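Peer 1: Before we start, here is the structure in question, set down as structure tokens.
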Amino acid sequence: MRCPKCGCEESKVVDSRPSESNDAIRRRRECVKCGYRFTTYERREEMPLLVVKKDGRKETFDRQKLMRGLLAATVKRSVPVEALDGLIDDIESELRDEGMNEVSSHDLGSMVLKRLVNVDKVAYIRFASVYRDFKDVDEFSEELRSLNK
């Protein structure tokens with residue numbers, strides 16, 4: 001495992017335990033060169049989940065891509081990264097538990113919004129504005145009204 005700070009390829013495992021959802025092994029590592037500590041997750045390899053885009057293209061489900069979208073929606077909000085990681089874990093577990101290996105981008109976005117509304121309402125609106133591709137202020141206002149209900 002390469003150190004994210006200095007790039008050294010040698011690290012030692014300081015602590016190892018199951019993740020909260022028991023679907024991965026969480027390892028705290030320390031770089032032998034610079035002493036930087038970082039966390040890695042070890043997951044079992046499974047059939048890849050495919051996301052079916054609006055135009056019919058299929059691409060592999062990418063946790064990091066979804067995390068980038070969630071981080072953009074939660075910028076300057078006090079939402080811990082662990083909560084977002086848990087949200088993604090929950091979605092991925094639901095899809096795998098249902099035996100799905102394909103999900104439409106529309107359904108994936110709906111799954112995110114369903115969970116994000118309970119995490120942070122401002123992040124929900126930010127994510128919804130991109131996901132639903134609001135065309136004007138009226139659509140945005142309608143989403144705000146539905147959130148208040």
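Peer 1: Among Ala72, Ala83, which is of a type in the set (A, V, I, L, M), out of contact with any strand residue (DSSP E or B) (no Cβ under 7 Å at 6 or more places or on another chain) and within 17 Å of Asp23 (Cα to Cα)? If you could, list the steps in order and put the result at the bottom.
Peer 2: Details: Ala72 fails: within 17 Å of Asp23 (Cα to Cα).
Among Ala72, Ala83, only Ala83 is of a type in the set (A, V, I, L, M), out of contact with any strand residue (DSSP E or B) (no Cβ under 7 Å at 6 or more places or on another chain) and within 17 Å of Asp23 (Cα to Cα).
Peer 1: When the range 19-40 is examined, which residues are found to be modelled with pLDDT under 90 and not aliphatic (A, V, I, L, M)?
Peer 2: Initially, the range 19-40 is screened for residues modelled with pLDDT under 90, giving 19-24.
Hits for the range 19-40 are Ser19, Glu20, Ser21, Asn22, Asp23.
Peer 1: Out of the range 77-110, which residues are over 23 Å from Glu143 (Cα atoms) and open to solvent by 50 Å² or more (accessible area, probe 1.4 Å)?
Peer 2: Within the range 77-110, Pro80, Val81, Glu82, Asp90, Glu94, Arg96, Asp97, Glu98, Gly99, Met100, Asn101, Glu102 meet the criteria.
Peer 1: While we're here: Pick out the one residue from Thr74, Thr40 that is of a type in the set (S, T, N, Q), surrounded by 13 or more Cβ atoms within 10 Å (Cβ to Cβ), out of contact with any Phe, Trp or Tyr (no Cβ under 9 Å at 6 or more places or on another chain) and without any contact (Cβ under 8 Å) to a residue 60 or more places away in the chain. Break it down stepwise before answering.
Peer 2: Working: Thr74 fails: out of contact with any Phe, Trp or Tyr (no Cβ under 9 Å at 6 or more places or on another chain).
Residue meeting the stated conditions: Thr40.
Peer 1: Given the conditions (1) among the polar types (S, T, N, Q); (2) surrounded by fewer than 14 Cβ atoms within 10 Å (Cβ to Cβ); (3) not in a strand (DSSP E or B), and given that Ser129 satisfies all but one, which numbered condition is not satisfied?
Peer 2: That leaves (2) as the condition not met.
Peer 1: How do the pairs read when you match residues in the range 20-36 that are within 23 Å of Arg96 (Cα to Cα) with residues anywhere that are of a type in the set (Phe, Trp, Tyr) and at pLDDT below 95, using Cβ under 8 Å and keeping only pairs 6 or more apart or on different chains?
Peer 2: Partner pairs satisfying both residue conditions: Ala24/Tyr41; Ile25/Tyr41; Arg26/Tyr41.
Peer 1: Just a yes or no: is a residue in the range 4-15 open to solvent by less than 70 Å² (accessible area, probe 1.4 Å), under 14 Å from the mean Cα position of the chain (by Cα) and of a type in the set (Gly, Ala, Ser)?
Peer 2: Filtering the range 4-15 down to residues open to solvent by less than 70 Å² (accessible area, probe 1.4 Å) leaves 6-8, 11, 14-15.
Those still in the list that are under 14 Å from the mean Cα position of the chain (by Cα) too: none.
No; the residues of the range 4-15 include none that is open to solvent by less than 70 Å² (accessible area, probe 1.4 Å), under 14 Å from the mean Cα position of the chain (by Cα) and of a type in the set (Gly, Ala, Ser).
Peer 1: Still on this structure, I have one more. I'm checking my understanding of the structure. Among residues of the range 132-146 that are open to solvent by 90 Å² or more (accessible area, probe 1.4 Å) and not in a helix (DSSP H, G or I), which one is farthest from His106 (Cα to Cα)?
Peer 2: Step by step, filter the range 132-146, then rank; the result is Lys135.
Peer 1: Spot the failing condition for Glu46; the list is (1) within 23 Å of Gly109 (Cβ to Cβ); (2) of a type in the set (Asp, Glu); (3) modelled with pLDDT under 90; (4) surrounded by 11 or more Cβ atoms within 10 Å (Cβ to Cβ), and only one is missed.
Peer 2: Condition (4) is where Glu46 drops out.
Peer 1: Also, I was wondering about something else. Looking at the range 49-71, which of its residues are open to solvent by 60 Å² or more (accessible area, probe 1.4 Å) and not hydroxyl-bearing (Ser, Thr, Tyr)? Show your work before the answer.
Peer 2: Step one: list which residues in the range 49-71 are open to solvent by 60 Å² or more (accessible area, probe 1.4 Å), which gives 54-55, 57-58, 60, 62, 64-65, 68, 71.
Within the range 49-71, Lys54, Asp55, Arg57, Lys58, Asp62, Gln64, Lys65, Arg68, Leu71 meet the criteria.
The values are calculated or read from the model by the stated rules, or taken from the named source; none is laboratory data. Owing to the predicted nature of the structure, the values given are computational and were not obtained by experimental measurement. Backbone-built Cβ (ideal geometry, glycine too); neighbour counts: all protein chains shown. The protein model used for the area step is the full one, side chains on, heavy atoms only, and it has no ligands, DNA or RNA in it. Shrake-Rupley method; radii C 1.70, N 1.55, O 1.52, S 1.80 Å.
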